Amino acid sequence: MSNNNDLEWRLYSIGSMNFSGVTVSNRNQDSSDPESPYRRSLITLNSLSLQVSKLYIKNYSGSSVMSLYDGTLFITNCWFQNITIDQVYSLGGVIDIRRGTIMMVGSEFHNVTATNGGGLYLRDGSANIASCRFDAMQVQKGGGIYLSFGSLAVSDSDFRNSRAQTGAAIYSSFSNVSLVRITVANCTSNNGNLEFVNSTVNITQSDIDNNSAVRAAGVYSHANSLFIDSGNVFSANIAEATSAVGCFLGSVALTHNNVFKNNRQSAGTSPVGVEYGSANIDETNEVVDDSQATCGSNCAKCVLDPSNLSAKCSACVG
């Protein structure tokens, strides 16, 4: 099916089903018509298990493309492009899940405008995301993913070229989050392109590159337990304060060979900042500045000093 402006699914409590190979393009729901389906999603699921593959939605405006309540959604190799989600009737983005579970693999979101959670809005549920891409998202919170009161695992996925008031890649509150081998690049927010509030977060083997913010262009953590663990690289992030990782209240642990390279901030000198919180930082965390000596003479490679989070020449540590 293609170019079908009348296509709509409303599915309730019917067990499980699947569909594959559907294209919907150039669909605009009419918000001026009170009888229009504008307040409804294109696909509405209630107490249902649904498998979706090779769904292609492009040039769409209206309510969320998919809404799930108390069910399970499996999404594989789907594509969502040029999507505008109505900011009056839809709190969430392309996919809106309440009290449900989503597993998504090999899917892409390009050029999405929404209020929160441009790609995925999740409340009271769980999500497992692998090998997905979120590009050119424009939202208030959570450009790729918005999560509240749930759990999130993301692996081998990209968040790029997005803008938000906070969390241009991911926004999380009161949740458990695991991020493994993700890339966050060329994103812009006020506070943190990865923003976490009252959450437990573990970030491993990820690249956080060339992002900008007023505060903490990489990760901003508020009242969290934040673990930056094993092989993360923060490079060329720019902020007015705390260019790479910022922590307010809560705790942050940086262990096992994380690298902070060429990050810049106009206030302060460290890529990591902690206010009213605690930091556990080992001396395997490296600071690299290719443009100038960070400390001492002829030195461009330093470690984070655990005592004050400042860069310290590796030759001086002993």
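The values are calculated or read from the model by the stated rules, or taken from the named source; none is laboratory data. The structure presented is a predicted model; accordingly, all values stated were derived computationally and were not measured. As a convention, Cβ positions derive from the backbone with ideal geometry for all residues, glycine included, and neighbour counts pool all protein chains shown.
Structural remarks
- Scanning the range 105-125 turns up at least one residue that is closer than 15 Å to Gly71 by Cα and assigned to a loop (DSSP other than H, G, I, E, B).
- Boolean, Ala213 is assigned to a strand (DSSP E or B), within 18 Å of Asn262 (Cβ to Cβ) and in contact with a strand residue (DSSP E or B) (Cβ under 7 Å, 6 or more places away or on another chain): yes
- Residue match in the range 200-209 (condition: out of contact with any His (no Cβ under 7 Å at 6 or more places or on another chain), part of a strand (DSSP E or B) and farther than 24 Å from Ser151 by Cα): yes
- Boolean, Asn82 is surrounded by fewer than 16 Cβ atoms within 10 Å (Cβ to Cβ), at pLDDT 90 or above and of a type outside the set (Ser, Thr, Tyr): no
- Leading residue by the ranking (surrounded by the fewest Cβ atoms within 10 Å (Cβ to Cβ)) among those in the range 97-136 that are among the hydrophobic types (A, V, I, L, M, F, W, C) and under 11 Å from Leu73 (Cβ atoms): Met103
- From Ser212, Ser155, residue being over 13 Å from the mean Cα position of the chain (by Cα) and surrounded by fewer than 24 Cβ atoms within 10 Å (Cβ to Cβ): Ser212
- For the range 126-160, filtering for residues that are among the polar types (S, T, N, Q) and not in a loop (DSSP other than H, G, I, E, B) leaves 6.
- In the range 217-239 there is at least one residue matching the filter, namely being under 15 Å from the mean Cα position of the chain (by Cα), surrounded by 24 or more Cβ atoms within 10 Å (Cβ to Cβ) and in a loop (DSSP other than H, G, I, E, B).
- Any hit, the range 270-278, residues being in a loop (DSSP other than H, G, I, E, B), on the phi > 0 side of the Ramachandran plot, surrounded by 13 or more Cβ atoms within 10 Å (Cβ to Cβ) and at pLDDT below 85: no
- Members of the range 24-48 that are surrounded by 15 or more Cβ atoms within 10 Å (Cβ to Cβ) and either at pLDDT 85 or above or within 12 Å of Thr84 (Cα to Cα) (or both): Arg27, Gln29
- Among residues of the range 234-256 that are among the charged types (D, E, K, R), those with a beta-carbon under 6 Å from a residue that is in a strand (DSSP E or B) at least six positions away or on a different chain give the pairs Glu240/Val214; Glu240/Ser266; Glu240/Ala267.
- Top-ranked residue in the range 189-199 [being part of a strand (DSSP E or B) and crowded, with 24+ Cβ neighbours inside 10 Å; ranked as farthest from the chain's Cα centre (by Cα)]: Ser189
- Any chance Ser266 is assigned to a strand (DSSP E or B) and within 28 Å of Thr101 (Cα to Cα): no
- Val94 more than 23 Å from Asn237 (Cβ to Cβ) and surrounded by 23 or more Cβ atoms within 10 Å (Cβ to Cβ): yes
- Failed criterion for Asn202 (all others in (1) crowded, with 17+ Cβ neighbours inside 10 Å; (2) under 20 Å from Gly277 (Cβ atoms); (3) modelled with pLDDT under 95; (4) of a type outside the set (A, V, I, L, M, F, W, C) hold): (3)
- Qualifying residues in the range 38-81 (those that are aromatic (Phe, Trp, Tyr) and part of a strand (DSSP E or B)) - the one nearest to Gly117 (Cα to Cα): Phe80
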